[in-house]
Amino acid sequence: MNGFFYFYKMINTSFLEKIAAVVIRDYLDKLGDATIVLPNKRAKVFLIEALKKETSQTILSPTILSIEDFVQNVASVRSVDSIELLFEFYEVYLSITDKQNQQSFELFANWAKTLLQDFNEIDRYLLDPLHVLSYLKDIEDIKKWGIEVENKTKLLENYIDFWKLLPVYYDSLYNHLLNKSIGYQGLIYREAVNNLNHFSNTIQNHHFIFAGFNALNAAEEKIVQHLLALDQARIYWDADQTFLNDPYHDAGLFVRRFKESWKYYKSHPFEWIVDDFSQSKNIQVIGTPKTIGQAKLTGSIIENLLNQNPNASLDKVAVVLGEENLLMPVLYSLPSTVGALNITMGYSSKNNPSQILIAQLFKMHTNAISRKGESYVFYYKDVLNVLTHPLVAPYANANNLVRIIKENNYTFITHNKICELSNAPSKLFELLFVKWENGALAVLENIVALLLLIKENFSNDNEEEKIAKSFVYSVFKVINKLINYYSQHKHIDSIETLHVIYKQIIDIAEVSFEGEPLNGLQIMGVLESRVLDFETLIITSMNEGKFPAGKSQNSFIPYDVKKELGLPTFKEKDAIYTYHFYHLLQRAKNIYLIYNTENDGLDAGERSRFITQLEVEKQPNHELTFDIYNPSLPATAYEPMIIPKSEAVMDRLKEIALQGFSPSALTSYIRNPIDFYFQKILRIREVEEVEENIALNTLGTIIHGTLEALYKPFLEKFISEADLLNCFKLLDDEVLKQFKLVYKEGEIKKGRNLLAFEVAKRNVSNFLKMELEEVRNGDAIKIIALEQTFERTLTHPDLPCPVLIKGNVDRIELRNGRIRIIDYKTGKVEKNNVVLKSWNGLTHELKNDKIIQVLAYAYMFEEKAGSTPIEVGIISFKNLKSGFLPFGFKEEKDIDTTVSNQILKNYLEEIVLLLKEIFGVTIPFEEKIN
C-alpha cells in the first residue's frame, strides 16, 4: 500500500520533490553522511524547500553541491576564473618563449583564450593531450606539404612553430597550475579522475545522490560510474519516455547512450523514466515584431494571468529569456501588480551603465594620451559623454563646463583648461579627469575610488537605484580582480594594454540581482532553468540562432577531429539545448512560445526548429495554437500639430509687431507655422552644440563678416581699383580673424575645417575679382550701408495694430546713379528664383522666400532713397558667374528690375494678407507635413 501511494505521489510532483521524498525515505537517519549533487547551484534553494515540505520534524540538511563544486572536492584543486587563468598562462608563455619571439599581452590573449578552451575540452574528455595536439600539428604540416623549403617565409615558419609548441604550452601550464593547486575546469576534472581511488577510500561511509543530469562529459561519467560500482552513489535521471524511446530525438540523446552503455544498468534499474511530456498541455506559439515587441507581449501575458485570477500567486510562473538583452525591456514591461520578483540569470556587462561609464573613461583618457605632439588634450565628445552620463551628471556639478564647451566651440580641450574652467571641481570631477600617467595600477585604483564615490550617491529606498548599485558592484569586483592581478604582474604596465584587457574580460562581470528565489515571478536564462519545474512558462526569442544558439564554436580543433576523438561538436551542443527546452515543457501546463517575426535586422531569424518539431510531432493531448501579435497602431502615423491662438499668444504677436517682424520671420511662417510658433511665440532656441565641422550657416557668417570688415573703410566713398587691390592683401588675415570670432575655440587647421577655411577665402577672393572687373569697366560704386539694420512701420486698416518691418541688410550701394540693395547668399541661387510672374499667392509658395525678403529691404529703404531708383537682388557665392541677380517682375516678355511704387504697393497687399493670417484669432498655427 505504501509503495503504491509513493508511486502515485511521484507521478504528480516535481522532480526535486521526488528527490526530496527519496532522501527522506532512504537517508533520514544518516543525512549527515549524504551529499546531493545537482547540475547547478540554483536548484539548491528549491531542493531545500522541497525537503522542508517533505518532513514535519526538525532535521539536518544533507550537503547539497553543484557538480563543479563536487569535482573540486574530489580533485582537491581550487578553480580559477578566466582572468586569473589568462594571466597565469601569460606567465608560463613568457617563461618558455625566447625574448625576441615574445608577443605583447594583447596579441597573446587573442589566441590564448581559444587555446585554453581547447585544453579544457581535452581534459574534460580525458583525451591524451600529446596525441590531440600533435594531431593538429600534423594536419597543419600536411596543409603546407607542397611548399618547397626555399619558399617558406618567416611568417609561415612561425605559424608552423606555433603548432609544434602546443604540447609544450599544455604541459608547462598544467604543471604550473598544479604546483599552485589551482586549475581550470578541465584540469580539475582530470585530476579528480586521477584521485578517484583515494577519494572513494576516504569517504567509505558517505553516500552520494546525483540528480537531474543529462549530458555528462567523459570525466563526469567515469567519476559517477566509479562511485556507482562501489555502491557509494545512486543516480536519478529525469528522462521522459517520449524522448527516451525515440532513437532520433535529441532530447534523449545522452540518456539513451548512458542507459545502453553503462555496466551499472546491466544489473540495476534505470531511474527514473516518466511520462509527463505527453500529458495535457496548452501551447501557444506567438510571433511579434522585434525584441521590444517580445518584451511588451510578455508583460501583456502576465497582466492577463493576474486579471484572470487577481489573488493567484506567480510562484509557479517563469519567464525564460532566450537572450539576456531582453531582461531590461521585460522588467519595464511588467505590470505594477506583479509584486514579488526573482531574477536568476547572469546579465552581462555589455549594457551595464557602470561599464559604459568606465569604457567612456578609457576612451577619453587613451585618446588624450595618444595625441601626438600635444599635452594631455581631450576630445570634446569624450568629455561630454562622461559628464552627461546618468551616473555622473547629477553629482559632478559640471553643467557650467558643458555650457562653456558648447558655447566656445571647444573641439579639443586641454587638461589644464578643463581644470581652469571647472570652477572649484567636486571630488567626483577630480577622479574623472585626473591624468592617467602613473601606470595601470594607479588607473585601476582611481576607477575603484570613482565607483565607491558613485555608490555613495545612491539610496536604498529606490528600486531603480538598487539595480544601479548592483550594476556598479559588478564592475567594482572586476576592477578589484584586475588590481590583484596587476599587483602580481607588474611588467604589463601600459594603459593601452589595460584597455584591451578590460574590454576582453568585462563580459564576465555578470550582474547578480537580489530577490526571493521561492516567491513571485521567476525570470531566468535557459541554463538557470535546469532541474526546475513550472506550471506556466513564457519563453522568448524562439528563433533559430537564439533558441537553439548558432553552430559557431571558437576552437582550433576541426570538426572532423572532434568527431573522431569523441569531443562534443555542435551536434552534441544542440542536443543539450534540445533537452533543456523539452525539460522546460515536460511538466508545464500552459506554455507561451514567443518569437520575432522580422527576418531582417540584428535580432532577426527564422522561427525556431523546436516550434516546427512540436508541430510535426504533436502529442494527442497537446493543444497547439499559432498566432501573430501586432500592437495596435493609430490610423494615421502622425497627426499634425494645431495650436489655437490664445489671449497670451495674441499679446505675444502684438509684442513682436512692436519689436519688429523680420523678413526671415515672415518666411519662417510660410515654411511652417509651427516653426514660427516655437521660435517667435515660445522663443525656443536651438540647443547649443559643439560645431565640430563648420556648418553652411557658420561659413556664411564668416564670409559676411569678412566682406563687412574689408569694405567698411569705403563707407560713403566711391570704391577705387587701388582699394580693391589692397583688399586682396588683407584677405587671408581677415578670414582667419572672422573664423576665430565666429568659430571660437574650434579646430580650423585640420581636415574638413581647413577646406572650409580655404573655401571662404576663395569665395571672398572671387567676389573681389568680380568687383574689380566691374570697376575697371567703368562702374561707379559708392557704399551706403554694410550689415545695417533698417525698419519701417506698416499701417493698414486690415491689421489689428501697426506692424514694424525690421531687418538687417547686407549691403546697400549707389551704383551708376541707382540704389542697389544686395543680399549675400552662400548657397546657390538662380535667376529664376528672383523673378516673379504673378502677385497672386506670393506668400503661399515657399519658393518666393527670397523675393519676399529682398522686397522687404526695398520697402524699408524706400523713404531714404527718395527719388533715386531702387533695384534689389542677390549675389550667390555658388553662382558668382551670374553676378548680381536682380528682382524682376515679368509681364509677358519684359522683365522690369526697378522696384517701382506699384511693385511695392502690390507687394504690401500680399504681405498684409499674410499678416492678417498670422494675426487672425480664429486661424490656428497648423503644422505643415513635409
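Observations on the model:
- Annotation note: Cβ proximity below 7 Å between a residue of region 700-725 that is in the same structural domain as Arg818 (by TED's automatic domain parsing) and a residue that is assigned to a helix (DSSP H, G or I) (sequence gap 6+ or interchain) occurs for no pair.
- Leading residue by the ranking (nearest to Phe119 (Cα to Cα)) among those in region 554-598 that are polar (S, T, N, Q) and under 32 Å from the mean Cα position of the chain (by Cα): Ser555
For (1) touching a strand residue (DSSP E or B) at 6+ places or on another chain (Cβ under 9 Å); (2) modelled with pLDDT of 90 or more; (3) outside the structural domain of Leu624 (by TED's automatic domain parsing); (4) farther than 21 Å from His580 by Cβ, each residue gets a yes or a no:
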site	(1), (2), (3), (4)
Gln294	yes, yes, no, no
Asn304	no, yes, no, yes
Val317	yes, yes, no, no
Glu324	yes, no, no, no
Met328	yes, no, no, yes
Val338	yes, no, no, yes
Asn342	yes, no, no, no
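- Residue count for region 93-105 under the criterion of being in a helix (DSSP H, G or I) and either β-branched (Val, Ile, Thr) or buried (at least 17 other Cβ atoms within 10 Å of the Cβ) (or both): the result is 3.
- Within region 804-861, the set of residues being of a type in the set (Ser, Thr, Tyr) and outside any helix (DSSP H, G or I) comprises Tyr824, Thr826, Ser838.
- Among the conditions (1) at pLDDT below 95; (2) in contact with a strand residue (DSSP E or B) (Cβ under 9 Å, 6 or more places away or on another chain), Leu593 misses just one, which is (1).
- In a residue-by-residue description of region 197-218, the property of being touching a helix residue (DSSP H, G or I) at 6+ places or on another chain (Cβ under 7 Å), hydrophobic (A, V, I, L, M, F, W, C) and within 30 Å of Ser632 (Cα to Cα) applies to no position.
- Strands (runs of 3 or more DSSP E) enclosed by region 325-429 - at least 1 residues per element that are more than 26 Å from Glu445 (Cα to Cα): 341-344, 412-414
- Close pairs (9 angstrom Cβ cut-off, 6 or more residues apart or separate chains): closer than 19 Å to Val475 by Cα and in contact (Cβ under 8 Å) with a residue 60 or more places away in the chain in region 382-398, among the hydroxyl-bearing types (Ser, Thr, Tyr) and not in a loop (DSSP other than H, G, I, E, B) anywhere: Leu391/Ser354
- Going through (1) of a type in the set (Ser, Thr, Tyr); (2) in contact with a Lys or Arg (Cβ under 8 Å, 6 or more places away or on another chain); (3) closer than 23 Å to Tyr711 by Cβ one by one, Tyr857 falls short only on (2).
- Single residue of Lys481, Lys417, Lys477, Lys435 found to be at pLDDT 80 or above, farther than 28 Å from Phe87 by Cα and either surrounded by fewer than 20 Cβ atoms within 10 Å (Cβ to Cβ) or not aromatic (Phe, Trp, Tyr) (or both): Lys417
- Filtering region 911-930 to residues that are farther than 17 Å from Cys801 by Cα and in a helix (DSSP H, G or I) leaves nothing.
- Residue in region 372-388 that is surrounded by fewer than 14 Cβ atoms within 10 Å (Cβ to Cβ), among the charged types (D, E, K, R) and farther than 30 Å from Phe581 by Cα present: yes
Yes/no per residue for (1) in contact (Cβ under 8 Å) with a residue 12 or more places away in the chain; (2) of a type outside the set (Lys, Arg); (3) not assigned by TED's automatic domain parsing to the domain that holds His499:
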position: Asn438; (1), (2), (3): no, yes, no
position: Leu444; (1), (2), (3): yes, yes, no
position: Leu453; (1), (2), (3): yes, yes, no
position: Glu456; (1), (2), (3): no, yes, no
position: Glu465; (1), (2), (3): no, yes, no
position: Lys469; (1), (2), (3): yes, no, no
position: Lys477; (1), (2), (3): yes, no, no
position: Leu482; (1), (2), (3): yes, yes, no
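- Taking (1) crowded, with 18+ Cβ neighbours inside 10 Å; (2) at pLDDT below 90 in turn, Ile819 satisfies each apart from (2).
- Yes/no for Ile343 being among the β-branched types (Val, Ile, Thr) and without any contact (Cβ under 8 Å) to a residue 60 or more places away in the chain: no
- Some residue of region 528-538 being touching an Asp or Glu at 6+ places or on another chain (Cβ under 9 Å), at pLDDT 85 or above and farther than 20 Å from Asp238 by Cβ: no
- Scanning region 775-787 for residues that are surrounded by 15 or more Cβ atoms within 10 Å (Cβ to Cβ) and out of contact with any Phe, Trp or Tyr (no Cβ under 8 Å at 6 or more places or on another chain) yields Val775, Ile784, Ala785, Glu787.
- Of all residue pairs spaced 6 or more apart or on separate chains, those with beta-carbon atoms under 7 Å, a first member in region 152-175 that is farther than 19 Å from Leu130 by Cα and a second member that is at pLDDT below 90 and of a type in the set (Lys, Arg) are Leu156/Lys144.
- Complete set of residues in region 709-732 that are touching a strand residue (DSSP E or B) at 6+ places or on another chain (Cβ under 9 Å) and surrounded by fewer than 17 Cβ atoms within 10 Å (Cβ to Cβ): Lys712, Leu715, Glu716, Lys717, Phe718
- Region 69-92 - residue that is outside any helix (DSSP H, G or I), of a type outside the set (A, V, I, L, M) and under 39 Å from the mean Cα position of the chain (by Cα) and, of those, modelled with the lowest pLDDT: Asp81
- Taken over region 683-723, residues that are in contact with a Phe, Trp or Tyr (Cβ under 8 Å, 6 or more places away or on another chain), of a type in the set (Asp, Glu) and at pLDDT below 70 amount to 2.
- Flag if Ala368 is small (Gly, Ala, Ser), in the same structural domain as Ser470 (by TED's automatic domain parsing) and surrounded by 18 or more Cβ atoms within 10 Å (Cβ to Cβ): yes
- In region 831-849, residue surrounded by the fewest Cβ atoms within 10 Å (Cβ to Cβ) [restricted to those that are in contact (Cβ under 8 Å) with a residue 24 or more places away in the chain and more than 17 Å from Asn906 (Cβ to Cβ)]: Leu846
The values are calculated or read from the model by the stated rules, or taken from the named source; none is laboratory data. Everything numeric in this text was worked out from a predicted model, so none of it was measured. All Cβ positions, glycine included, derive from the backbone under ideal geometry; neighbour counts span all protein chains shown.
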